[in-house]
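K.L.:
For reference, the structure I am asking about is given below.
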Amino acid sequence: MTIRLEHNSGTPLYQQIVEQVRAMVLNGTLPAGYRLPPERKLADALSVNRTTILNAYRELKAEGLIGSHVGQGTVVLAAQESESTPPATASRPIWSHYLSDYAGQFSQFQMNDLLDFANRTDVISFATGMAAPECGPAEALRGIEERVLTEDGGQYLMHSPVEGFHSLRVEIAGYMSQRGAYCTPGEVFVTSGSQQGIELVAQALLNPGDIVVMEEPTYFPAIQVFKAMGARIMGVPVDEEGMQLSVLELLLQRYRPKLIYTVPTFHNPTGTELSMERRKWLMALSRQYRIPVVEDDAYGELRYDGTALPTLKSMDSAGLVIHLNTFSKMIYPGLRIGWVVADRKLVDTLIAIRQVVDIHTNCLSQKIVERFVASGQLGTHLETVTKAYRHKRDTMLRALRQYAPEGMRWTTPAGGYYIWVTLPPGVACDKLLHRAERHKVAFVPGTLFSTTGQETGRMRLNFTFAAEHQIEPGIRRLCEAIRETVAQEPEGAPLVERNPIV
Ligand code: PMP
């Protein structure tokens, strides 16, 4: 191994060593298993300080190119191989070196991990936020799909307009009007799920450094979207009446944010609902400060108790509300049909952006959903699922009352998908997650929903996805895991100061 250092090149010496060793590993000059000189020996040979070699080896280790083994010293590592991948050669690229700053912002624990949990047959999953598979209208949709493909001769497998088929937008505008939010088809923009709605609206409105106010805690993929756009996030605590608007008002006065993002009805993750009084107050604040409100209404129709409150869109006299919605929670998430209702000017901007993203939403899905809604089947389906979900919620609440250890508290949501649990003092979610995995039960740690990423001693339980007969044993197992974690923790104060929810 030959390394040449240039003392006056302007590149730090350790960096020169990293670059030369990296090149030799990648072009095969130093094969897997090659033993690098000990730090002191190389330092002497190159006449540099030992720290220089230490830093270089540390960086090469972080890149996965070399590693230390007891008794072997520092050796060149083989590229990771698995049975399904072609044999690694020394010249395979290390993709982490190529990634953009944008890609680097996304954390590892993401949607796929949650979906993996849901797909494991040995695990009872309260983790994913998915509709109950057994309640879905598969038969009805199959019939519609067949008709679309046979009667219409495949014409709906060509392109649709970027903003979605006009006929679907007519249905959605009608549906919104039934809910008191009158809009024209031209103000409706069909998305591939409301996650895309959040992304496109963020792209349309945010510049790096802009401030976005959100509930704390909140739907974590929305946090990621706004952060990836370079926005600064400010969290407003939630209590049993939803976002605490006195805090919001202070933030509006002091910081003039660009956007307020809220899930006012059956909030993810807390299950709470913004009270009528606060809805009026929020609209008044938005008008007063001229700040747009993104209303994410994914769960708005899934009410199990009480009477419906109006959407923010239906109270929007100033035209500042951007309404996001989706059929994912009502019908099936895999259909990927969501929508945005907004001022036509903003819809035009969304169209312009979307042209370079995925052009439009899947045509077949659009047509299937359109006919499902137009035939009046959505209404009857919603009656079926709300009945089933009410039952599942009650089963979970009963099981929590029966098995929860002392010091544990939870919300009683009047709708939506989630129960938000405050763990007994001192129980941290990450430890509990490992223990729960051993008990074959899954939940989502509250940390994920925090705008600051802090451990909150809370967790989110979904009650819609697991089969009815799994809920009681799942909660029993989870509570066992919590008891074991409590027994292991030294008695002590809560982990962090708690926000007022529950
Ligand atoms: N908003 C909220 C509040 C959600 O909970 C979800 C799904 N978990 C979404 C948006 C995204 O839904 P979709 O499947 O329509 O992209």
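K.L.:
When the Kirkwood radius is taken over all Cα pairs of segment 125-200, what Stokes-Einstein diffusion coefficient follows at 25 °C and 0.890 mPa s, in µm²/s?
P.N.:
So the translational diffusion coefficient is about 162 µm²/s.
K.L.:
Now a separate question. Starting from the Cα of Arg35, step 7 Å along the direction of its Cβ; do the same at Ser68; then give the gap between the two resulting points in nm.
P.N.:
Rounded to a tenth, the inter-label distance reads 1.6 nm.
K.L.:
Under unit Cβ charges (Lys, Arg +1; Asp, Glu -1), what dipole magnitude, rounded to 20 debye, does segment 279-323 have relative to its Cα centre?
P.N.:
Here the size comes out at about 280 debye.
K.L.:
Let me ask you something else. Can you run phi through the Karplus equation (6.51, -1.76, 1.60; θ = phi - 60°) for segment 378-392 and list ³J(HN,Hα) in whole Hz, with x for Gly and Pro?
P.N.:
Computed from phi, the couplings for segment 378-392 are 4, x, 5, 4, 4, 4, 5, 6, 5, 5, 5, 6, 4, 5, 5 Hz.
K.L.:
What does the accessible area per residue of segment 1-53 come to in Å², with a 1.4 Å probe and no ligands, DNA or RNA counted?
P.N.:
Averaged over the residues of segment 1-53, the accessible area is 62 Å².
K.L.:
Something else now. Along the charge dipole of the chain, which of Phe126, Ala103, Thr184 sits closest to the positive end, that is, farthest toward it, with unit charges on the beta carbon of Lys, Arg, Asp and Glu (+1, +1, -1, -1)?
P.N.:
Working it through, the farthest residue towards the positive pole turns out to be Ala103.
K.L.:
Here's something else I'd like to know. Each residue of segment 228-243 in order: what ³J(HN,Hα) in whole Hz does its phi give by Karplus 6.51 cos²θ - 1.76 cosθ + 1.60, θ = phi - 60°, with x for Gly and Pro?
P.N.:
After applying 6.51 cos²θ - 1.76 cosθ + 1.60, I find 5, 7, x, 6, 9, 9, 10, x, 10, x, 10, 10, 5, 9, x, 4 Hz.
K.L.:
On a full-extension model of 0.36 nm per residue, what is the gain between Glu472 and Glu437, subtracting their alpha-carbon distance, rounded to one decimal in nm?
P.N.:
Length difference between fully extended and current span is 10.9 nm.
K.L.:
Right, next: Rounded to the nearest 5, what % of DSSP beta bridges with both residues in the chain are antiparallel?
P.N.:
Bridges in the chain that DSSP calls antiparallel: roughly 60 percent.
K.L.:
Work out how far the C-alpha atoms of segment 390-454 reach from end to end along every principal axis, then list the three figures in whole Å, largest first.
P.N.:
Extents along the principal axes, in whole Å: 31, 27, 23.
K.L.:
For segment 119-255, what is the charge dipole size about the Cα centre, in debye to the nearest 20, if Lys and Arg each add +1 at the Cβ and Asp and Glu each add -1 at the Cβ?
P.N.:
Dipole magnitude for segment 119-255 comes out near 380 debye.
K.L.:
The chain: longest stretch without exposed GluC sites (Glu not before Pro) (DSSP loop, at most 12 other Cβ within 10 Å), sites themselves excluded?
P.N.:
Formally, the longest exposed-site-free interval is 84-405.
K.L.:
Between Ser96 and Glu240, 0.36 nm times their residue separation minus their Cα-Cα distance comes to what?
P.N.:
47.5 nm
K.L.:
Enumerate the amide H contacts of Val441 below 5 Å, restricted to partners 5 or more residues apart or on another chain; note that Pro and chain-start residues carry no placed amide H.
P.N.:
Here the answer is Ile124, since their amide H atoms fall under 5 Å of that of Val441.
K.L.:
With each label point set 7 Å from Cα along the Cα-Cβ vector, what nm distance links Lys387 and Leu5?
P.N.:
Going by the 7 Å Cα→Cβ label model, 7.8 nm.
K.L.:
Right, another one. If you build the Cα gyration tensor of the chain and take the root of 5 times each eigenvalue, what three semi-axes come out, in whole angstrom, biggest first?
P.N.:
Taking √(5λ) for each eigenvalue gives 46, 30, 25 Å, largest first.
K.L.:
Taking a cut-off of 20 Å between Cα atoms, list the aspartates and glutamates near Lys61, but don't count ones fewer than 8 places away on the same chain.
P.N.:
Of all the aspartates and glutamates, those that pass the test against Lys61 - Cα under 20 Å, at least 8 places apart if same chain - are Glu19, Glu39, Glu81.
K.L.:
How many angstrom lie between the Cα centre of segment 139-183 and the Cα centre of segment 19-73?
P.N.:
Cα centroid to Cα centroid, the span is 61 Å.
K.L.:
Return the subset of Lys313/Lys387; Lys280/Lys313; Lys258/Lys313; Lys280/Lys329 for which the Cα-Cα distance in this structure is over 21 Å, preserving the input order.
P.N.:
Result: Lys313/Lys387; Lys280/Lys329 exceed 21 Å.
K.L.:
Determine the calculated [θ] at 222 nm for the chain from helices alone, applying -39500 (n - 2.57) to every DSSP H run no shorter than 4 residues and normalising by the residue count; nearest 500 deg cm²/dmol.
P.N.:
My calculation for the chain gives -12500 deg cm²/dmol from helical runs alone.
K.L.:
How would you classify segment 188-246 from its alpha-carbon gyration tensor, with a ≥ b ≥ c the square roots of the eigenvalues: rounded for a/c under 1.5, else prolate if a/b is greater than b/c, otherwise oblate?
P.N.:
Oblate, because a/c is 1.5 or more while a/b does not exceed b/c.
K.L.:
Taking amide H positions as placed in the peptide plane 1.01 Å from N, state which residues far from Ile66 in sequence (5 or more) or on other chains have amide H under 5 Å from it.
P.N.:
Long-range HN contacts for Ile66: Lys61, Leu77.
K.L.:
On to the next question. Give the distance, in whole Å, between the Cα centre of segment 311-332 and the Cα centre of segment 197-222.
P.N.:
16 Å
K.L.:
Apply the Karplus curve 6.51 cos²θ - 1.76 cosθ + 1.60, θ = phi - 60°, to the phi angles in segment 185-200 and return the couplings in whole Hz, x for Gly and Pro.
P.N.:
x, x, 8, 9, 10, 7, 10, 8, x, 6, 4, 5, x, 4, 4, 5
K.L.:
Pulled fully out, how much extra length does the chain show between Arg142 and Asp348, if you take 0.36 nm times their separation in residues and subtract their Cα-Cα distance?
P.N.:
Taking Arg142 through Asp348 to full extension adds about 70.8 nm, to one decimal.
The values are calculated or read from the model by the stated rules, or taken from the named source; none is laboratory data. Because the structure is predicted, anything quoted here is derived from the model rather than measured. Ideal geometry is used to build each Cβ from the backbone, glycine not excepted, and the neighbour counts take in all protein chains shown. Protein only, heavy atoms only, side chains kept; ligands, DNA and RNA dropped before computing areas. Shrake-Rupley method; radii C 1.70, N 1.55, O 1.52, S 1.80 Å.
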